[in-house]
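S.K.: Please see the structure below; I have some questions.
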Amino acid sequence: MARIKLFGADNPDAIRGVYFDGVVIDEVAQCKPQIWGEIVRPALVDRIGWCTFIGTPQGQNLFFELYNRGLKDPSWFAESFPVDKTNVLSEDELTEARKTMSEAQYRQEFLVDFSASSEYILIPLDLAMKASKRVNLPQTYSWAPVVIGVDVARFGDDSSVIYVRQGCHTIEVKRYKDLDLMQFADYVAAAITRHRAAATFVDVVGLGAGVVDRLTQLGFSNVIAVNAGYTADNPKYKNKRAEMADTAKKWLEEGGDIPDRPVLIAQLSSIEYSFDPTDRMVLEKKEDMKKRGLSSPDEAEGLFHTFFMPVMSTDWDEDIGGYIGDYQTTKPSVMTGY
């Protein structure tokens, strides 16, 4: 005899310890991120069960990640049903809806637009998606210095990230969980050596100072401490974090490429901005993003850190094991000076 049970997703832990033949999760965008990977997916294993996800977009979150996985993985199925495909509602009703809804609200609720959750998203989803499909030729970036951005976490939900960029090209993004600072510092040291980085920018807010100290102890002199709360060079921004993020946005607009990583794309296109009383741009805090059901934007922050300050474009000297040279500003690239 089949049984149908109803559960609330506000307390996912209450679902632990049971098994399912099949699950339907409604309004996935409002569920806590761990409900799938930590709770529902393990509960389907014994019965080789199935799961259907239903909902309306609400920014880049678990629903967005699952939808994109469904588009790429042949063992999954994904489909969207915008109102212009279904013809369920009349044109008169849609016209009336537009009168009382903002454009972002209409696109989200009726056109299944994941980027429309807020009118104050700094990096639109379509911009991040376009950058993830872009392929830059080596001659457009090989002259530029290699820079590394490091976002440091320790244990818990957040991850530590090493983001390696050369001019308009992302070389690699590495993500680590549950490492102590010494272990993670060793990974950063290996990345610096492997990529011959001209500069490595490490977030020192929180635990990052320990990573900087360890790298300095190992003899790396090209490690720069990043404090996102520092005063921005440009007075239009409240702090360096806003300035770095907006510089990254301009980099994407002008030809920068990123890997096709759903987590990175989701993080970049989830961060909201606003303006303080003096009309300076400011980004929402990580804590506020988590309140919206989003994860910490650690991969996005890794990219942002690579824009902390201009870096000399230099040549690697095998004898001294480091870079030498002067600023080069004559190379034809959107990334001159960075």
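The values are calculated or read from the model by the stated rules, or taken from the named source; none is laboratory data. All of these numbers come straight from a predicted model, not from anything done at the bench. Please note: Cβ atoms are built from the backbone with ideal geometry, for glycine as well, and neighbour counts cover all protein chains shown. These accessible areas exclude ligands, DNA and RNA; they are computed on the full protein's heavy atoms, side chains included. Shrake-Rupley method; radii C 1.70, N 1.55, O 1.52, S 1.80 Å.
S.K.: Does Ala128 qualify as being open to solvent by less than 90 Å² (accessible area, probe 1.4 Å), on the phi < 0 side of the Ramachandran plot and not in a helix (DSSP H, G or I)? Spell out how you get there, then give the answer.
M.R.: On the way: open to solvent by less than 90 Å² (accessible area, probe 1.4 Å): yes; on the phi < 0 side of the Ramachandran plot: yes; not in a helix (DSSP H, G or I): no.
In short, no.
S.K.: With respect to Arg107, is the statement that it is more than 30 Å from Asp276 (Cα to Cα) and touching a helix residue (DSSP H, G or I) at 6+ places or on another chain (Cβ under 9 Å) true?
M.R.: Numbers: more than 30 Å from Asp276 (Cα to Cα): no; touching a helix residue (DSSP H, G or I) at 6+ places or on another chain (Cβ under 9 Å): yes.
No: the conditions fail for Arg107.
S.K.: Using beta carbons and a limit of 8 Å, which pairs, at least six apart or on different chains, have the first residue in segment 10-26 and without any contact (Cβ under 8 Å) to a residue 24 or more places away in the chain and the second one in a loop (DSSP other than H, G, I, E, B) and open to solvent by 30 Å² or more (accessible area, probe 1.4 Å)?
M.R.: Ala14/Phe7; Ala14/Gly8
S.K.: Go over the candidates Met289, Met309 one by one and state the one that is outside any strand (DSSP E or B) and in contact (Cβ under 8 Å) with a residue 24 or more places away in the chain.
M.R.: Result: Met309 is the single residue among Met289, Met309 that is outside any strand (DSSP E or B) and in contact (Cβ under 8 Å) with a residue 24 or more places away in the chain.
S.K.: Looking only at segment 62-76, which residues are in a helix (DSSP H, G or I) and free of Cβ contacts under 8 Å to residues at least 60 places away in the same chain?
M.R.: Matches in segment 62-76: Phe63, Leu66, Tyr67, Gly70, Leu71, Lys72.
S.K.: Quick one: which of Ser333, Ser274, Ser296 is more than 23 Å from Gly208 (Cα to Cα) and at pLDDT below 90?
M.R.: Ser333
S.K.: Here is a follow-up. Within segment 192-200, can one find any residue that is in contact with a strand residue (DSSP E or B) (Cβ under 7 Å, 6 or more places away or on another chain), over 27 Å from Tyr141 (Cβ atoms) and aliphatic (A, V, I, L, M)?
M.R.: no
S.K.: Among the residues of segment 252-262 satisfying the criterion of being under 15 Å from the mean Cα position of the chain (by Cα) and not in a loop (DSSP other than H, G, I, E, B), which is surrounded by the most Cβ atoms within 10 Å (Cβ to Cβ)?
M.R.: Leu252
S.K.: Further, regarding this structure: Pairs only if they're at least six apart or on different chains, beta carbon under 6 angstrom, first in segment 80-104 and within 22 Å of Leu125 (Cβ to Cβ), second surrounded by 11 or more Cβ atoms within 10 Å (Cβ to Cβ) and β-branched (Val, Ile, Thr); list them, first residue then second.
M.R.: Ser80/Val112; Pro82/Val112
S.K.: Take segment 77-97 and flag every residue that is open to solvent by 70 Å² or more (accessible area, probe 1.4 Å) and either touching a strand residue (DSSP E or B) at 6+ places or on another chain (Cβ under 7 Å) or within 23 Å of Pro33 (Cα to Cα) (or both).
M.R.: Once the filter is applied, which keeps residues that are open to solvent by 70 Å² or more (accessible area, probe 1.4 Å) and either touching a strand residue (DSSP E or B) at 6+ places or on another chain (Cβ under 7 Å) or within 23 Å of Pro33 (Cα to Cα) (or both), segment 77-97 yields Phe77, Glu79.
S.K.: Within segment 7-22, take every residue that is open to solvent by less than 70 Å² (accessible area, probe 1.4 Å) and either part of a loop (DSSP other than H, G, I, E, B) or within 16 Å of Gly70 (Cα to Cα) (or both) and give me the one that is modelled with the highest pLDDT.
M.R.: The extreme case among them is Phe20.
S.K.: Report yes if Gln58 is in contact with a helix residue (DSSP H, G or I) (Cβ under 8 Å, 6 or more places away or on another chain) and not aliphatic (A, V, I, L, M), otherwise no.
M.R.: Criteria met by Gln58.
S.K.: Which of the numbered conditions does Gly167 fail, given that it passes all the others? Conditions: (1) under 16 Å from Phe304 (Cα atoms); (2) touching a Pro at 6+ places or on another chain (Cβ under 6 Å).
M.R.: For Gly167, the failing item is (2).
S.K.: Name the one entry in Gly70, Gly59 that is on the phi > 0 side of the Ramachandran plot, out of contact with any Cys (no Cβ under 7 Å at 6 or more places or on another chain) and not β-branched (Val, Ile, Thr).
M.R.: Gly59
S.K.: Could you say whether any residue in segment 200-215 is closer than 18 Å to Ile121 by Cα, hydroxyl-bearing (Ser, Thr, Tyr) and at pLDDT 95 or above?
M.R.: No, segment 200-215 contains no residue that is closer than 18 Å to Ile121 by Cα, hydroxyl-bearing (Ser, Thr, Tyr) and at pLDDT 95 or above.
S.K.: Only residues in segment 255-267 that are on the phi > 0 side of the Ramachandran plot count as the first member; pair them with residues that are surrounded by 17 or more Cβ atoms within 10 Å (Cβ to Cβ) and outside any loop (DSSP other than H, G, I, E, B), Cβ under 9 angstrom, at least 6 apart or cross-chain, and list the lot.
M.R.: Sorted first by the residue in segment 255-267, then by its partner, the pairs are Gly255/Ala131; Gly255/Thr140.
S.K.: Okay, moving on. For segment 35-60, which positions are buried (at least 20 other Cβ atoms within 10 Å of the Cβ) and assigned to a loop (DSSP other than H, G, I, E, B)?
M.R.: Passing the criteria: Pro57, Gln58, Gly59, Gln60.
S.K.: Assigned to a helix (DSSP H, G or I), open to solvent by 70 Å² or more (accessible area, probe 1.4 Å), among the hydroxyl-bearing types (Ser, Thr, Tyr) and farther than 19 Å from Leu294 by Cα - does that describe any residue in segment 98-121?
M.R.: yes
S.K.: Can we say Arg175 is within 17 Å of Asp298 (Cβ to Cβ) and either in contact with an Asp or Glu (Cβ under 8 Å, 6 or more places away or on another chain) or free of Cβ contacts under 8 Å to residues at least 60 places away in the same chain (or both)?
M.R.: yes
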